[in-house]
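Have a look at the structure below before the remarks.
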Amino acid sequence: MKFFVLLSFILFIYCAFRTAPSGGPVDETPPFIISTIPESGGINYPVNKKITLLFSEWVDIKKTEKSITVFPTLTDGFKIAAFGKKIEIVPNTELAESTTFHIGINTMLTDLHGVSIGVPYDLYFSTGPYIDSGIVQGCIIDKETYNKQPKVALFSCGKESLPDSIFINIPDY
C-alpha cells in the first residue's frame with residue numbers, strides 16, 4: 001500500500017509540471033483599422049466630439065500615446081483613452097471651427113502580441129464644409145550628405161509668429 005501511495009505521488013509530481021499551454025501558431029497578423037468616427041474624409045464634424053478608432057484586435061495601451069499625432073496641434077492638448085480594440089482621442093477643448101484635421105498613427109502602435117500595425121494610418125476630417133487641399137512641391141536635401149529628407153515639418157506663419165519660433169513650437173503640419 002505504501003508503495004502504491006509513493007508511486008502515485010511520484011506520478012502526480014511528474015505529471016504536474018507547470019508550463020504555458022501551447023496556443024497554436026504565433027500571431028503575425030498586424031492589427032488594422034475597422035472603422036473611425038468621423039470617417040476619413042468626413043466633413044462638418046462637430047467641434048465638441050471625440051475621435052474614435054476601432055481596430056481589428058486589442059491594441060497595446062502603453063504604446064498609444066507615442067503612436068498618435070494630431071495636426072494642427074491642439075492648443076490645450078488631448079487625452080487618449082484606449083481599451084480593448086478601441087482608441088478614443090478626446091480634445092481638452094473644442095476643435096477649431098472650419099478646420100481640416102489630420103490624425104496620424106505611426107507604426108509604433110502594436111497589438112497585445114507586439115505585432116506592429118505595419119503601415120502608418122492617416123485620418124483626415126474637417127469641422128467645416130470641405131477638406132482643405134493644397135500642393136507642396138520640392139525636395140529637401142541635407143547639404144552635408146546630399147541625401148533627400150523623407151519628412152519635413154510645416155509651420156504656418158502669421159503676423160504674431162517670430163522666425164525663431166520653429167525651434168520651440170510644434171509644427172502645424
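The values are calculated or read from the model by the stated rules, or taken from the named source; none is laboratory data. Just so it is clear, the model here is predicted, and its values are computed rather than measured. Cβ coordinates were reconstructed from backbone atoms using ideal geometry, including for glycine residues, and neighbour counts include every protein chain displayed. SASA here: full protein model, heavy atoms, side chains in, ligands and nucleic acids out. Shrake-Rupley method; radii C 1.70, N 1.55, O 1.52, S 1.80 Å.
Among His102, His113, the sequence by solvent-accessible area, most first, with a 1.4 Å probe is His113, His102. Name the GluC sites (Glu not before Pro) in region 26-70 that are in a loop by DSSP and that have at most 10 other C-beta atoms within 10 Å, would you? Of the GluC sites (Glu not before Pro), the ones in loops of region 26-70 whose Cβ has at most 10 other Cβ atoms within 10 Å are Glu28. Given Cys139, Gly77, Thr99, which one lies farthest toward the positive end of the charge dipole of region 69-149, if we put +1 on the Cβ of every Lys and Arg and -1 on the Cβ of every Asp and Glu? Ranked along the dipole, the leading option is Cys139.
Checked against a 23 Å cut-off, the cross-linked pairs Lys66/Lys143; Lys62/Lys148; Lys79/Lys148; Lys63/Lys86; Lys63/Lys148; Lys63/Lys143 give Cα-Cα distances beyond that limit for Lys66/Lys143; Lys62/Lys148; Lys79/Lys148; Lys63/Lys148; Lys63/Lys143. The aspartates and glutamates whose alpha-carbon is closer than 12 Å to the alpha-carbon of Lys50, local same-chain residues fewer than 8 away aside, are Glu88, Glu94.
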